[in-house]
Amino acid sequence: MAAGLLAVAGCGGDPNANSMMAVMPYPTPAAIGPAAAYPTGLHVVANQIVDGSGNVVVLHGANRSGTEYKCVQSSSIFDGPSDEASVAALASWHFNAVRVPLNESCWLGINGATVGGAAYTSAVTTYVALLHKYGLIPIVELHWVAPGTELAVRQQPMPDADHAVDLWTSVANTFAADSGVIFELYNEPYPDNNKDSVAGWTCWRDGCTANENVGTGGTPETYQVVGMQALVTAIRTGTTASNVILLGGLEYSNALTQWLAYAPVDPAGNLGAAWHIYANNACVADTCWDMAPETVAATVPLVATEIGESDCMGDFITQVMTWLDGQNVGYLAWSWNAFGVCVPATKTTGGNPWSLTSNYNTGVPNSDYANTFYQHVLGL
């Protein structure tokens, strides 16, 4: 596929230095044209997502982070370009899916969002159409929420009862006619103080009162959360949408122990599980993956909508991807951002480990981590 070869520096290094990773084909976005078509008619058959022609669809791609935070932190919506050239760069990695995070306040245009309402929804729907133009399946997911009159400025344990039903009713109505869009109802739930417990799973399905995340130095308050059943019901009864729905489990979508026991009822039968796997999670080795995750994957579609490695290397995600490939489970890396040279995270510093690319329009991998993911997906 490549017109040439490129060597990419390891984490924290000078990209022009002589110490390089293995030579590899580099992405050629300019050679990527619009796709003849994009997958439509996505639905669930047994434990697989299939398209309208009955072809199994295994999702591989990246998270395009930015739409969850820029609209409340600035006058922008995307962190970086959202034009055709930048989407061609995504497609040049042989992706077939891109996860698009949403901010509740911005989508609904409430609570003082800097950019919200029609401007935000139009930008997201335009981006979804552009992803489709290049054959990519968008996973639209709710990332940041806030109860009452508060602005959504961070991750919360669960979606709020005040606005999340309205958001998903609106999102589902927006994409009801587009069976090539997948919904992920909430990013990384962590109810019951982040415990994998009966109380946590009950809250996950049915709602409860949770402690609000108010940030460093804030005074914790409680708020009413809405469970996944209510959100599924709102989509299926308040709209005509039959889109595939993914639900992440507890402990920041890493725990799937009781997912099957507490799964909501979906009258459309188009429900699957989302799973997040990072090296600092509890379920972090194949001894755990061979238990609940394998059982879930054998029963319903499972998609690892976030995988990542914070040391700028690729050893951990290689293990993850190899195991997921063996289960015929798809995965998306965190995240498609160009934030500069890769700096490993430590116990005391956040580092800068997540950028997959050094340039939004060229798609050049940014680190050993990025290069490992790129080469693996390229070889599928």
Problem set entry | Exclusive hit being part of a helix (DSSP H, G or I) and open to solvent by 50 Å² or more (accessible area, probe 1.4 Å), set Thr318, Thr372, Thr362 | Thr318
Exercise. Being surrounded by 24 or more Cβ atoms within 10 Å (Cβ to Cβ) and at positive phi, is that true of even one residue in the stretch 159-168?
Worked result: no
For this session: Please enumerate the residues belonging to the stretch 85-108 that are among the polar types (S, T, N, Q), assigned to a loop (DSSP other than H, G, I, E, B) and open to solvent by less than 10 Å² (accessible area, probe 1.4 Å).
Result: Ser92
Problem set entry | Out of Ser53, Ser122, Ser82, sole residue that is of a type in the set (S, T, N, Q), at pLDDT 95 or above and outside any loop (DSSP other than H, G, I, E, B) | Ser122
Seminar exercise, completed: Note: among Glu188, Glu150, Glu184, just one is open to solvent by 60 Å² or more (accessible area, probe 1.4 Å) and either among the acidic types (Asp, Glu) or touching a residue at least 60 places away in the same chain (Cβ under 8 Å) (or both), namely Glu150
Exercise. Could you say whether any residue in the stretch 251-264 is out of contact with any His (no Cβ under 9 Å at 6 or more places or on another chain), over 20 Å from Tyr190 (Cβ atoms) and either open to solvent by less than 40 Å² (accessible area, probe 1.4 Å) or of a type outside the set (Ser, Thr, Tyr) (or both)?
Worked result: no
Exercise. Which helices (runs of 4 or more DSSP H) sit wholly inside the stretch 161-233 and have at least 1 residues that are β-branched (Val, Ile, Thr) and modelled with pLDDT of 95 or more?
Worked result: 164-175, 198-206
For this session: Kindly indicate whether Ala298 is small (Gly, Ala, Ser), touching a Ser or Thr at 6+ places or on another chain (Cβ under 7 Å) and open to solvent by 10 Å² or more (accessible area, probe 1.4 Å).
Result: no
Exercise. So which pairs qualify, if the first residue must be in the stretch 125-139 and within 10 Å of Asn96 (Cα to Cα), the second must be crowded, with 17+ Cβ neighbours inside 10 Å and modelled with pLDDT under 95, the Cβ gap must be under 9 Å, and the two must be at least 6 apart or on different chains?
Worked result: Tyr134/Ile32
Problem set entry | Residues satisfying the stated conditions in the stretch 30-50, i.e. open to solvent by less than 30 Å² (accessible area, probe 1.4 Å) and either within 24 Å of His376 (Cα to Cα) or outside any loop (DSSP other than H, G, I, E, B) (or both) | Val44, Ile49, Val50
For this session: Scan the stretch 244-260 and report the pairs whose first residue is under 19 Å from Val140 (Cα atoms) and assigned to a helix (DSSP H, G or I) and whose second residue is among the aromatic types (Phe, Trp, Tyr) and open to solvent by 10 Å² or more (accessible area, probe 1.4 Å), with Cβ atoms within less than 6 Å and a gap of 6+ or a chain change.
Result: Tyr252/Tyr190
For this session: Would you check which residues across the stretch 335-358 are open to solvent by 60 Å² or more (accessible area, probe 1.4 Å) and either touching a residue at least 40 places away in the same chain (Cβ under 8 Å) or not in a loop (DSSP other than H, G, I, E, B) (or both) and list them?
Result: Val341, Val343, Trp354, Ser358
Seminar exercise, completed: Picked from the stretch 268-299 (must be hydroxyl-bearing (Ser, Thr, Tyr) and touching a Leu at 6+ places or on another chain (Cβ under 8 Å)), the residue farthest from Val45 (Cα to Cα) is Thr295
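The values are calculated or read from the model by the stated rules, or taken from the named source; none is laboratory data. This is a predicted model, so every value here is computed, not measured. Here the Cβ is made from the backbone with ideal geometry for all residues, glycine too, and neighbour counts use every protein chain on show. Accessible surface is based on the protein model in full, side chains and every heavy atom, while ligands, DNA and RNA are left aside. Shrake-Rupley method; radii C 1.70, N 1.55, O 1.52, S 1.80 Å.
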